[in-house]
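Undergrad: One structure, as structure tokens, below. Some questions next.
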Amino acid sequence: MAFQIINSIISWFLKKRIHQIELFKKYPNDVQEELLLKLINTAKNTEYGIEKDFATIHKYTDFRNKVPIQQYETFEPLIERCRNGAQNLFWPTSIKWFAKSSGTTNAKSKFIPVSEDALEYCHLKAGKDMLCLYINNNPKTQLFTGKGLRLGGSSEVYQDNGSHFGDLSAIITENLPFWADFSSAPSQQVALMAEWETKMEAIVNETINENITSLVGVPSWMLVLLNRVLEKTGKENILEVWPNLEVYFHGGVNFNPYREQYKKLIPKADFNYYEIYNASEGFFAIQDKKGSKELLLMLDYGIFYEFIPMEHYTGENSTAIPLAEVEKGINYAILITTNGGLWRYLIGDTVKFTSTDPYRIKITGRTKHHINVFGEELIIENAEEALRIACEKTNASISEYTVGPIFMEGKEKGGHEWIIEFTKAPKVMAKFTEILDEALKTINSDYEAKRYSNMTLMLPKVHKAKKGLFYSWLKKKGKLGGQHKVPRLSNSRAFVEELLAI
């Protein structure tokens, strides 16, 4: 009875936010314009604000003309000074937290500044909104009669020169309100363990006897955890361990390659899957409709958005447009200005708008993770749709994959080399390869043109990876867990060669 009362109170409290969400859905461009001027005014007396003459910026065109587009490498000197104790450089309030992120398996780490404003009005606010939108769509939810299992990265926080750095998940865990920690599992002590495999075992041991009602985490790593839960308990599926489980909030990587595996692990027809889109730099979008594959762009988190059409993308020399000028169906790179002090910052992600009233998006990939060695313009969205079709037609399922180019040598034509780790392999690999190739031709006209009569591209070469290959590769690089992701597409053969060597 007490849990039911708690469930009702928390649900009521979270749903109060709905009318504010409806407001920015109704007046999106007004909200964004007002937000930009607020950010500019707040930071006008910082070192960066004075340098870029923020005091004379009164509208978007002023902003676009005075402030350059920048990637991490350009902004890094200011960030390093901030990490070493200097303040009021690019944001006026004290910044002591830095989210360490490498995005994929790249060796170079980024340290993204996380201000108190970004923490409270973006990351933590979004966590509540995620629950708010879910509750709004599922009024009979019993979410708060149990606990939410959150699976973050290797979450130890380190201190250096008075600043703290670690995975974003560690920073959020350190700053959760007491009530959130009370309703979550594992305990903060376990969640902040650094060594990934030890932490996984500790999470399993701590949660198998809890009443878990929701899951939050990256699909690839959550899958590892759930399979360990079944190994430990000897159960056939996850509902035998956690019968009241009702929703999985997922993000970080495309869910499609994992969907069928989750359906087997959680055999419940009305089980809910809700996607979120967040990164070290900010929390951007949340699935706001049940069963939808689109995400609502959240416009009042202290983030001002601009977009660069990928067909005209030239990195920091690109020309950006504001939200008011975007169109449906075009592939855009995202540019953000935030209450963490990032100014016209390229986060490296690409999206397409599925709706402009309200603004809803789907994630299509990364600006650097595509293959265009031969003019084929293959993006992650193409690759994953083709994989879905090939798996569906050959009754196969996959856990991980990566693709690199086969460069032309002498009279040899080029191609693509795929390494795929299957959870259920196709009976005939040649058939799978043929269907994959045909699907790519149908989806991507540039790829089809280069494949015509094997003129430029040969049939793809597809390797069936041994079980656990990608896990071993990530472990070897010290990249297990949380925010670490397998790079899907690359114009280089580096990842493919490393995996083939293993």
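The values are calculated or read from the model by the stated rules, or taken from the named source; none is laboratory data. As the structure is a computational prediction, the values presented were derived from the model and not from experiment. A quick note on method: Cβ atoms are made from the backbone with ideal geometry, for glycine too, and the neighbour counts reach across all protein chains shown.
Undergrad: Give the range 277-302 a look and list any residue that's within 18 Å of Gly365 (Cβ to Cβ) and not in a loop (DSSP other than H, G, I, E, B), or say none.
TA: Residues satisfying the conditions are Tyr277, Asn278, Ala279, Phe284, Ala285, Leu295, Leu297.
Residue-by-condition table, conditions (1) at pLDDT 95 or above; (2) among the basic types (Lys, Arg):
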{"site": "Phe255", "(1), (2)": "no, no"}
{"site": "Glu260", "(1), (2)": "no, no"}
{"site": "Lys263", "(1), (2)": "no, yes"}
{"site": "Asn272", "(1), (2)": "yes, no"}
{"site": "Ser280", "(1), (2)": "no, no"}
{"site": "Ala285", "(1), (2)": "yes, no"}
{"site": "Lys290", "(1), (2)": "no, yes"}
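Undergrad: Right, something else. For Gly302, state whether it is farther than 15 Å from Leu133 by Cβ, over 20 Å from the mean Cα position of the chain (by Cα) and touching a residue at least 60 places away in the same chain (Cβ under 8 Å).
TA: Against the criterion (farther than 15 Å from Leu133 by Cβ, over 20 Å from the mean Cα position of the chain (by Cα) and touching a residue at least 60 places away in the same chain (Cβ under 8 Å)), Gly302 does not qualify.
Undergrad: Kindly state which helices (runs of 4 or more DSSP H) lie completely within the range 408-490 and contain at least 1 residues that are in contact with a Leu (Cβ under 8 Å, 6 or more places away or on another chain), of a type in the set (Val, Ile, Thr) and within 20 Å of Asn395 (Cβ to Cβ).
TA: 429-443
Undergrad: Moving on. Among the residues of the range 43-78 satisfying the criterion of being in contact with a strand residue (DSSP E or B) (Cβ under 6 Å, 6 or more places away or on another chain) and part of a helix (DSSP H, G or I), which is nearest to Trp343 (Cα to Cα)?
TA: Among those residues, the one meeting the criterion is Tyr72.
Undergrad: As an exercise: evaluate Cys82 against (1) assigned to a helix (DSSP H, G or I); (2) surrounded by fewer than 15 Cβ atoms within 10 Å (Cβ to Cβ); (3) not hydroxyl-bearing (Ser, Thr, Tyr) and give the number of the one condition it does not meet.
TA: (2)
Undergrad: Which strands (runs of 3 or more DSSP E) does the range 121-177 wholly contain that include 1 or more residues that are in the same structural domain as Asp270 (by TED's automatic domain parsing) and modelled with pLDDT of 85 or more?
TA: 147-150
Undergrad: So which of Leu378, Leu296, Leu387 ends up being in contact with a Phe, Trp or Tyr (Cβ under 9 Å, 6 or more places away or on another chain) and under 29 Å from Phe63 (Cα atoms)?
TA: On inspection, the qualifying residue turns out to be Leu296.
Undergrad: Could you check the range 366-394 and list, in sequence order, the residues that are at pLDDT 80 or above and assigned to a loop (DSSP other than H, G, I, E, B)? It would help to see each step written out before you state the result.
TA: Pass one, the range 366-394, residues at pLDDT 80 or above: 371, 376, 378-394.
The answer is Glu376, and nothing else.
Undergrad: Take the range 399-413 and flag every residue that is hydrophobic (A, V, I, L, M, F, W, C) and either surrounded by fewer than 21 Cβ atoms within 10 Å (Cβ to Cβ) or modelled with pLDDT under 90 (or both).
TA: Just the residues of the range 399-413 that are hydrophobic (A, V, I, L, M, F, W, C), to begin with: 403, 406-408.
Residues satisfying the conditions are Ile406, Phe407, Met408.
Undergrad: Continuing with the same structure: Residues that are out of contact with any Lys or Arg (no Cβ under 9 Å at 6 or more places or on another chain) and either more than 21 Å from Ala449 (Cβ to Cβ) or not assigned by TED's automatic domain parsing to the domain that holds Glu497 (or both): does the range 356-363 have at least one? Break it down into steps so the answer makes sense when it comes.
TA: Taking the range 356-363 first, the residues out of contact with any Lys or Arg (no Cβ under 9 Å at 6 or more places or on another chain) are none.
No; the residues of the range 356-363 include none that is out of contact with any Lys or Arg (no Cβ under 9 Å at 6 or more places or on another chain) and either more than 21 Å from Ala449 (Cβ to Cβ) or not assigned by TED's automatic domain parsing to the domain that holds Glu497 (or both).
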